Amino acid sequence: MTDFLNTTVGTLLPDDRESIISVTSDQPVSAACEKMAENKVLSLPIYDMTKRRFTSFIDMLDIVSFCVSEITDKNVSDPSVIKLIDTSKFTTTPCSQIANSSKRDPFKPLDEKASVMKAMETIVHWNVHRLPIVDHEGELHTIFTQSHMISGIFKHLSKFGSFQYKSIAELKMKHEGIVSIPANDMAISAFHAMHSKRVSAVAVVDYTGTLVGNISASDWRLVGYDVNGADILTQSAESFLSTIAAHRRNSGPSPRDIVPSSRDLHGAAAVSELNTFNEVFLF
């Protein structure tokens, strides 16, 4: 375990600077949306044309916040609320203006010589999805993500001692309350909740409070980056889940987004599930 945690991130991850997909600070939000769609990614680093270096990220949560920022708790249940989404802003607003507008992805560079342990601590401390890894000149080397962190732990689970045998409750892991919406609420409510609660996904529950699915920021792609498909946001959340399922079937195999688990789940099993699914809801 010590060997893995002391490995430098520069050694763990190859120099990827030549293939990093990015946008420039003066490009419009529409350009970022197109690149995310074309390359099937959820975020892009932004190259500042004035400072001549990468300075921020733009991700799906920023896009969601950008689209629903005018929606309030009072009007989110009104079907005409989608008219508040100003599509003209996509081609006139520069990427740099909405970078980290969700407050979930600040740009926190880490030196490539830093250890994996330092990278993990930084991700946990700032509660971010990804870290820019830079060389001694501050040039972007690659990007270390939560997925890299979970994958690394999963591969070295046998070296983590008693952790793998203790339950999440016993490990006293910090956890946040689940943000949920009723299944009969309009789908737009899910994205409004992501923006207002600063979360990347919300649970959808039936009238008994039973989990029936989840809607994540990445599902905004069904609406279309130009919001031409905004009408589906007036569907019930339950119907929207069916639309998501149909889209995934047509797009080929993909991992499920959620799996409900107990706080009695052992550390090893929790890491295994996180290595397979995007979200794990605890009950």
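Can you tell me which residue among Ser65, Ser56 is touching a strand residue (DSSP E or B) at 6+ places or on another chain (Cβ under 6 Å), touching a residue at least 12 places away in the same chain (Cβ under 8 Å) and of a type in the set (Gly, Ala, Ser)? Spell out how you get there, then give the answer.
Working: Ser65 fails: touching a strand residue (DSSP E or B) at 6+ places or on another chain (Cβ under 6 Å).
So the residue among Ser65, Ser56 that is touching a strand residue (DSSP E or B) at 6+ places or on another chain (Cβ under 6 Å), touching a residue at least 12 places away in the same chain (Cβ under 8 Å) and of a type in the set (Gly, Ala, Ser) is Ser56.
Filter the range 200-221 for residues that are without any contact (Cβ under 8 Å) to a residue 60 or more places away in the chain, hydrophobic (A, V, I, L, M, F, W, C) and open to solvent by less than 40 Å² (accessible area, probe 1.4 Å) and give the result.
Val202, Val204, Val205, Ile215
Out of the range 139-149, which residues are over 20 Å from Ser218 (Cα atoms) and not in a loop (DSSP other than H, G, I, E, B)?
Those that are over 20 Å from Ser218 (Cα atoms) and not in a loop (DSSP other than H, G, I, E, B): Leu140, His141, Thr142, Met149.
Does Thr91 count as touching a Pro at 6+ places or on another chain (Cβ under 6 Å) and touching a residue at least 24 places away in the same chain (Cβ under 8 Å)?
yes
Specify the residue that is modelled with the lowest pLDDT; the eligible residues are those in the range 8-23 that are surrounded by 16 or more Cβ atoms within 10 Å (Cβ to Cβ) and farther than 14 Å from Pro132 by Cβ.
Taking the candidates together, the pick is Leu12.
Is it the case that Ile82 is β-branched (Val, Ile, Thr) and in contact with a Pro (Cβ under 8 Å, 6 or more places away or on another chain)? Break it down into steps so the answer makes sense when it comes.
Numbers: β-branched (Val, Ile, Thr): yes; in contact with a Pro (Cβ under 8 Å, 6 or more places away or on another chain): no.
When the stated conditions are applied, Ile82 does not pass them.
State yes or no: is Lys51 assigned to a helix (DSSP H, G or I), farther than 17 Å from Ala217 by Cα and either without any contact (Cβ under 8 Å) to a residue 40 or more places away in the chain or of a type in the set (Asp, Glu) (or both)? First the steps, then the outcome.
Working: assigned to a helix (DSSP H, G or I): no; farther than 17 Å from Ala217 by Cα: yes; either without any contact (Cβ under 8 Å) to a residue 40 or more places away in the chain or of a type in the set (Asp, Glu) (or both): yes.
It is false that Lys51 is assigned to a helix (DSSP H, G or I), farther than 17 Å from Ala217 by Cα and either without any contact (Cβ under 8 Å) to a residue 40 or more places away in the chain or of a type in the set (Asp, Glu) (or both).
Restricting attention to the range 26-46, which residues are outside any strand (DSSP E or B), open to solvent by less than 50 Å² (accessible area, probe 1.4 Å) and among the polar types (S, T, N, Q)?
Ser30
Would you point out which residue out of Ala183, Ala193 is within 18 Å of the chain's Cα centre (by Cα), modelled with pLDDT of 90 or more and buried (at least 18 other Cβ atoms within 10 Å of the Cβ)?
Answer to the check: Ala193.
Among the numbered conditions (1) over 23 Å from Val202 (Cα atoms); (2) open to solvent by 40 Å² or more (accessible area, probe 1.4 Å); (3) of a type in the set (D, E, K, R), tell me where Asp73 comes up short.
It fails just one condition, (1).
The values are calculated or read from the model by the stated rules, or taken from the named source; none is laboratory data. Nothing here was measured: the structure is a model prediction, and the numbers come from that model. When we count neighbours, we look across all protein chains shown, and the Cβ atoms used for this are built from the backbone with ideal geometry, even at glycine. Ligands, DNA and RNA are excluded from the accessible area calculation, which covers all protein heavy atoms including side chains. Shrake-Rupley method; radii C 1.70, N 1.55, O 1.52, S 1.80 Å.
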